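The values are calculated or read from the model by the stated rules, or taken from the named source; none is laboratory data. The shown structure was predicted, so the numbers you read here are calculated from the model rather than taken from an experiment. Neighbour counts are summed over all protein chains in view; Cβ atoms, including those assigned to glycine, are modelled from backbone coordinates with ideal geometry. Only protein heavy atoms, including side chains, enter the accessible area calculation; ligands, DNA and RNA are left aside. Shrake-Rupley method; radii C 1.70, N 1.55, O 1.52, S 1.80 Å.
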Amino acid sequence: QKATVEVLDHLEHLALVDFRDAEGVERLQKAIQFAEQLHEVNTDGVEPMDSVLEDRCLYLREDDVTEGNCTNELLKNAREKVEEYFVAPPGNIPLPKLEERETFLQGS
């Protein structure tokens, strides 16, 4: 199954991933082909699971603070910081228009 322009558009907006190049589109199509194999698995009579660990008792631990006061040490890991905060990459990057991406799908 090939990825359509509409599918790419939907995925890009959900994940903020840009599939502008042919390599990105090819990688996505391989992932879709791999996932399609799941349709071949017979799951008749199999009850859905809430967790892969549902046969085990999960214990909660006390939420005790054992360390702290390490702000300066943690901020040494930041590529960029403002005052005492990490600076994250900008979100909501404008994605290319649908028409601009059609050319990448034609070659695949």
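What the table shows:
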quantity	calculated
Per-region count, region 49-108, residues modelled with pLDDT under 80 and among the aromatic types (Phe, Trp, Tyr)	1
Candidates LEU28, LEU38, LEU60 - the one that is in a loop (DSSP other than H, G, I, E, B) and either open to solvent by 100 Å² or more (accessible area, probe 1.4 Å) or without any contact (Cβ under 8 Å) to a residue 40 or more places away in the chain (or both)	LEU60
Verdict on GLY45 being open to solvent by less than 90 Å² (accessible area, probe 1.4 Å) and not in a helix (DSSP H, G or I)	yes
